[in-house]
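Each value in this text was obtained by applying a stated rule to the coordinates, not by laboratory testing. Note that this is a predicted model, so its numbers are computed, not measured. Counting neighbours? That spans all protein chains shown, and the Cβs are built from the backbone with ideal geometry, glycine included.
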Amino acid sequence: MNPSRLARIGASCWILAAPLFLAANVLTALRWHNPAFSWATHNISDLGNVHCGIWDTTRPRNVCSPWHPLMNTAILATAALLAAGLVLTWRALGHGVVVRLAQSLLLLAVLGYALAGAYPADVDENLHVLGAVLILVVGNLGLPIAGLAPRTTTLGRYRVLTLSAGLIALAGSVLFFAQQGLGLGVGAMERVAAFPFSVWASCVGVALLAGARTPGPARP
């Protein structure tokens, strides 16, 4: 069944989410000079920190992000795009307990993006950490659950993609919270945990729009 007009708008929002989030990470990181940004050492949150200085007592890092407004605005925009995609494709992705549970958990992860963007870590650490937990724990549980959606649903058609993204993200979360970088660095492991959701959403958005353009069977 082809998605509705609203679902196609939602799919378009999803397509934009990952490119926006990734571009903001890259552009903001490129503006770091003293110190230079390290993808292995620095966290995503460091890009949004408002003040310069040594940050984090557990794993101290020298942080100074001149373009932090760009990063925080992009995180909020990513949250808006992911939220719009979820809401507008809500019915199109299918019905049933598994589908609705996955969608609800992913919607909570979107709230996490909004909190992380609105409250940089060095402005309100508690709300920022809550946002990170919603993204890296709640959202990364929602993805593999979405991968268990019945194959009779639209969401279930993307099982391999969804389970792959979910398991990678969940493993990244476990390793990040354990502060294990596996040779990549703890900062890089956070990206393994955080990026799959938006990348998955963009891929599903492409698939939904491609399905909408595929002509159905000719009527007799």
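Placing +1 at every Lys and Arg Cβ and -1 at every Asp and Glu Cβ, with all other atoms neutral, what dipole size does segment 5-213 have around its Cα centre, in debye to the nearest 20?
Here segment 5-213 has a charge dipole of around 980 debye.
Please flag any cysteine in the chain that has no other cysteine's Cβ under 4.7 angstrom from its own Cβ.
Cys13, Cys203
What are the DSSP H helices in the chain that stretch 24 Å or more along their long axis, judged by alpha-carbon atoms, and whose average Kyte-Doolittle hydropathy comes to at least -0.5? Before the final figure, lay out the partial values.
Numbers: long enough: 5-30 (38 Å, 1.42); 68-88 (30 Å, 1.62); 97-118 (32 Å, 1.89); 159-177 (27 Å, 1.86); 186-213 (42 Å, 1.19).
Passing helices, by number: 5-30, 68-88, 97-118, 159-177, 186-213.
Please work out how much length the chain gains when fully extended from Phe177 to Trp90, using 0.36 nm per residue of separation minus the C-alpha to C-alpha distance, in nm with one decimal. Don't jump to the answer; show the numbers that get you there.
Details: separation 87, 0.36 × 87 = 31.32 nm, distance 3.10 nm.
Going from the current span to full extension adds 28.2 nm.
So, in nm, how far is label Arg100 from label Arg59 when the simple model puts each one 7 Å beyond its Cα toward the Cβ?
Modelled inter-label distance: 3.9 nm.
Suppose a student asked you for the relative contact order of the chain, using Cα pairs under 8 Å spaced at least 6 residues apart; what percent would you report?
Here the relative contact order equals 26 percent.
Add +1 for every Lys or Arg and -1 for every Asp or Glu among the other residues with Cβ under 9 Å from the Cβ of Val63, and state the total. Spell out each step's value before the answer.
Values: positive: Arg61; negative: Asp46, Asp56, Asp122.
Within the 9 Å Cβ shell, the charges total -2.
Arrange the following residues from fewest to most other Cβ atoms within 10 Å of their Cβ: Val97, Val186, Val174.
Ranked by crowding around the Cβ, least crowded first: Val97, Val174, Val186.
Of the peptides 199-208, 60-69, how do they stack up when ordered by the mean number of other Cβ atoms within 10 Å, highest first?
199-208, 60-69
What label, among (1) -0.44, -1.02; (2) -0.45, -1.19; (3) -0.39, -1.07, belongs to log10 I(q)/I(0) by the Debye sum over Cα atoms at q = 0.10, 0.16 Å⁻¹ computed from the structure on display?
(1)
Tell me which residues come under 5 Å, amide H to amide H, from Val63 once H is placed; ignore anything under 5 positions away on its chain.
Sorted by chain and number, the residues that satisfy this are Gly53, Ile54, Trp55.
Between Trp32 and residues 5 or more places away or on another chain, which pairs have amide H atoms under 5 Å apart, with H built 1.01 Å from N, and which residues are they?
Phe37
Sorted by packing (mean other beta-carbon atoms within 10 Å per residue), highest first, where do 149-162, 131-144 land?
Result, highest mean Cβ count within 10 Å first: 131-144, 149-162.
Apply the Karplus curve 6.51 cos²θ - 1.76 cosθ + 1.60, θ = phi - 60°, to the phi angles in segment 137-153 and return the couplings in whole Hz, x for Gly and Pro.
So the Karplus estimates, Gly and Pro as x, are 10, 5, x, 7, 8, x, 5, x, 5, 4, x, 9, 4, x, 5, 6, 8 Hz.
Would you mind computing, in nm to one decimal, how far apart the modelled labels at Arg159 and Leu127 are, each placed 7 Å from Cα along Cα→Cβ?
Once both label points are built, they end up 4.2 nm from each other.
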